[in-house]
Structures are given as C-alpha cells and as structure tokens.
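The values are calculated or read from the model by the stated rules, or taken from the named source; none is laboratory data. These numbers were taken from a predicted model, which means no experiment stands behind them. Reconstructed Cβ throughout: ideal geometry from the backbone, glycine too, with neighbour counts over all protein chains shown.
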Amino acid sequence: MDANLVNVFIEASLFTLETTASVTFKPLRPALEPERTAKGDISGIIELTGNIRGTLSVSFERKTILEIVSQMFGETIPELNDDIKDAVGELLNMVAGRINTKLSDSGQTVTAKLLKVLTGPRHVLPHDTAHPVLSIPVGTDSGVITLQVCVLT
C-alpha cells in the first residue's frame, strides 16, 4: 500500500475535521483490518477512480459524531438523524476535494468522490474483500474516529 496515498488521506481527513469542527487528535496504532464491519455507527465512503482505485472510509462512534456536528452547528444534536448523515456527507465531500487537490498536485490522475454514507451499528463497509484494508484509528476528546484505506491498484 502506497504510504504517500495513505498520508494524503489521513491529512485530508484530519485537516477537514480540525478546521471545520476544531477537533484535536491523538494517533492510535494502525493495523490491517480483517473484517469489513465499521468501527462506528456512521461512516462516509470515498471512492477512488483513475490510476489509483479503491475505497476510503471514515467511521465515527455515535458520541463522537454527535459532538463534532454539535460543535459545527453551534447547537446540541442529541441523536443520529438526517442532519448528522448530511453533515458526514459534507465532511467527506471536503475530504475528497482535498484528496483530489493533493493528488493532482503530485501528478496523479485520480478522482476521489463521496460514494455514500452508511449508518447503523456494525454496518458493512464496501471495501474490496480481495485486498487488504489499513485501519487508522485516531482518538479525540469525544471518542474514536477510524479511517480505513483499501487500494486496488
């Protein structure tokens, strides 16, 4: 797995969350993930097409995303609802845009775009089962966010 691509995804995700919701992070131990089950209650999925193909996901625990979106909106959001799902979609659109810029600047012909937002406990992520998935958890004051990378080419 290309470390440069992984670093672009991590930077884009953390930069977006830091600038939109003032989230601070503590890196946790990355690992290969044998399961395709999300480590949270809501996940945004980004699809990569072009000379690099694959999927990227950002999964949030319920408490974590409620606090992040409440911070963004300036009001308390007490439950997972359509506003939370829309906010995750918007966050991942921003992440995809930053990935596109970074990869384009490095000469890659890749398009990153939001594929979908999935919700529910233990939802299944659409990473290709024939390829390894790198799971990168990051701690926040309100819980864990799990980034996952599955690159096909």
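Taken together, Thr55, Thr19 contain a single residue that is loosely packed, with under 14 Cβ neighbours inside 10 Å and modelled with pLDDT of 90 or more, which is Thr19. Just give me the residues in region 32-53 being farther than 28 Å from Asp82 by Cβ and touching a Leu at 6+ places or on another chain (Cβ under 8 Å), in sequence order. Answer for region 32-53, where residues must be farther than 28 Å from Asp82 by Cβ and touching a Leu at 6+ places or on another chain (Cβ under 8 Å): Leu32, Glu33, Ile52, Arg53. Among the residues examined, Ile99 does not qualify as of a type in the set (A, V, I, L, M, F, W, C) and either more than 15 Å from Val151 (Cβ to Cβ) or assigned to a loop (DSSP other than H, G, I, E, B) (or both).
Under the condition of being small (Gly, Ala, Ser), without any contact (Cβ under 8 Å) to a residue 12 or more places away in the chain and assigned to a helix (DSSP H, G or I), the residues counted in region 69-92 number 1. With respect to the conditions (1) crowded, with 19+ Cβ neighbours inside 10 Å; (2) over 18 Å from Asp2 (Cβ atoms); (3) of a type in the set (Lys, Arg), Lys85 lacks only one, and its number is (1). Of the residues in region 14-29, how many are under 16 Å from Ser142 (Cβ atoms) and part of a helix (DSSP H, G or I)? Residues that pass the stated criteria total 5. When residues in region 35-65 are screened for being over 19 Å from Phe9 (Cα atoms), out of contact with any Gly (no Cβ under 9 Å at 6 or more places or on another chain) and touching a residue at least 24 places away in the same chain (Cβ under 8 Å), 1 of them pass. Sub-7 Å Cβ pairs linking a first residue in region 127-153 that is acidic (Asp, Glu) to a second residue that is part of a strand (DSSP E or B), at least 6 apart or interchain, are Asp128/Cys150, ordered by first then second residue.
Each residue in region 99-112 was checked for being surrounded by fewer than 19 Cβ atoms within 10 Å (Cβ to Cβ) and touching a residue at least 60 places away in the same chain (Cβ under 8 Å), and 2 of them qualify. Do the conditions hold for Val69, that is, is it among the aliphatic types (A, V, I, L, M), out of contact with any Leu (no Cβ under 7 Å at 6 or more places or on another chain) and under 24 Å from Val133 (Cβ atoms)? Considered against the rule, which asks whether it is among the aliphatic types (A, V, I, L, M), out of contact with any Leu (no Cβ under 7 Å at 6 or more places or on another chain) and under 24 Å from Val133 (Cβ atoms), Val69 comes out as no.
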